1. For the ranges 35-45, 98-108, what's the packing order if you count other beta-carbon atoms within 10 Å of each residue, average per peptide, and put the highest first?
2. Taking 8 Å as the Cα distance limit and 6 or more residues as the minimum spacing, I'd like the relative contact order of the chain as a percentage.
3. Roughly how many nanometres apart are two label points built 7 Å out from the Cα toward the Cβ at Lys42 and Leu62?
4. What is the helix-to-structure angle for 98-107, meaning the angle in degrees between its Cα long axis and the longest Cα principal axis of the chain, kept from 0 to 90 and rounded to the nearest 10?
5. Please arrange Thr180, Thr123, Thr144 by counting, for each residue, the other beta carbons lying within 10 Å of its beta carbon, fewest first.
6. Return one number: the angle in degrees, 0 to 90 and rounded to the nearest 10, between the long axis of the Cα atoms of helix 225-241 and the longest principal axis of the Cα atoms of the chain.
7. With runs of 4+ DSSP H residues as the only contributors, calculate the mean residue ellipticity of the chain at 222 nm using -39,500 (n - 2.57) per run, divided by the residue total and rounded to the nearest 500.
8. ³J(HN,Hα) across the range 14-30 via Karplus (A = 6.51, B = -1.76, C = 1.60, θ = phi - 60°), whole Hz, x for Gly/Pro?
Amino acid sequence: KRAFDGDKGPNTGGMGAYKDADDKLPFLTAAERECELELAEKIFERWAAKINDNTALRGVPLYLAFMHTGKGIKVLENNSRPGDPEIINILPLLKDDFVEVCFRILEGNLKRVELEKAAAVLTYKVPPTYGGYADAFPERVDKTKVDTPVDLSRAYALAEKYGDRIRVYPGSMEVRDGETYALKSRAVGVLGIGASIEEARQISLEGTRAISGGALWNRTDIAARQHIAQSISHMEQLRRNL
C-alpha cells in the first residue's frame, strides 16, 4: 500500500501485489490460512441467514482483507467486489473457463474455482504526481518526460519471450491523437507469472523497465526477498505475543 520502496511514504490504492504458488502467502502458516477461511465462512453464513433472496449473494459477495495482530486475526475491510490489484494476480491463473464461471454465478451454483499452481507478481507504474513522488524525490523525475506519451510496445513484445507468463494491463490511461498518455492514478500494471515468487517478480520488473515515457515510476521491491523476510519476521513477533 505504501508508495515508496521499504514501505515508506503515503498509503496508495496499492503499488503491486503478489501470490505464492500455493493457497497462502509465504509469511502465513497453514493454520493461520485455515483460520482466515473459517472466519470468512462464518461471516458469510451469518449474512446469508438474514437474506431471503440468495440472488443478493451472487458474484463475489465477500472480499476480505485480514490484519494479523498480537491479539489474533482481525477483519480490516469487507468488500462486495474483487480487490485491485489483488484480483489481477488471480484471474490469469484461472483454470476454469471464465464465461462458464459467470454463467455459474448467474445460476447461483458457483462453489469454487480452480487455479494454476503458479506464483504471480504485479507491479504498477504510476505518474510522478502519484503518492507525492515528485515532491519527495524531485531529483529522480525527468521533467522532460512528464506528460509525454507512454510507449507500451516493448513491454507487449516481451510476450515473444515469456508467452502468457507476462501480462500488461493499462489502467489510468487515455488515448489522445493516437498516443497513449497516463492520467493521475495507477497507469499500467505488469504481471509476471512463474514457478516461484522471485521468478514472477523478475518478469514483472523486466516488463516495467520496458515501458517508457510519461516519467512513470514504480516500486522496485514488490515481493522482493528482503520484503517478504521482513513480513515473516513481523509475523513471528506477533505470534510470540499471542
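None of the figures in this text is laboratory data; all of them are computed from the coordinates on show. If you're wondering where the values come from, they're calculated on a predicted model, not measured in any experiment. Please note: Cβ atoms are built from the backbone with ideal geometry, for glycine as well, and neighbour counts cover all protein chains shown.
1. Values: 35-45: 13.4, 98-108: 11.3.
In decreasing order of mean packing, 35-45, 98-108 become 35-45, 98-108.
2. On the way: 415 pairs, mean separation 61.0, N = 242.
About 25 percent, as a whole number.
3. In this crude label model, Lys42 to Leu62 measures out at 1.1 nm.
4. Taking the Cα atoms of the chain, the angle to 98-107 is about 40 degrees.
5. Numbers: Thr180 18, Thr123 26, Thr144 7.
Ranked by crowding around the Cβ, least crowded first: Thr144, Thr180, Thr123.
6. Roughly 30 degrees between the two axes.
7. Numbers: 8 runs with 78 residues, N = 242.
Taking each H run of at least 4 residues, the total per residue is -9500 deg cm²/dmol.
8. Values per residue, Gly and Pro as x: x, 8, x, 7, 8, 9, 8, 6, 9, 8, 9, 6, x, 9, 9, 8, 4 Hz.
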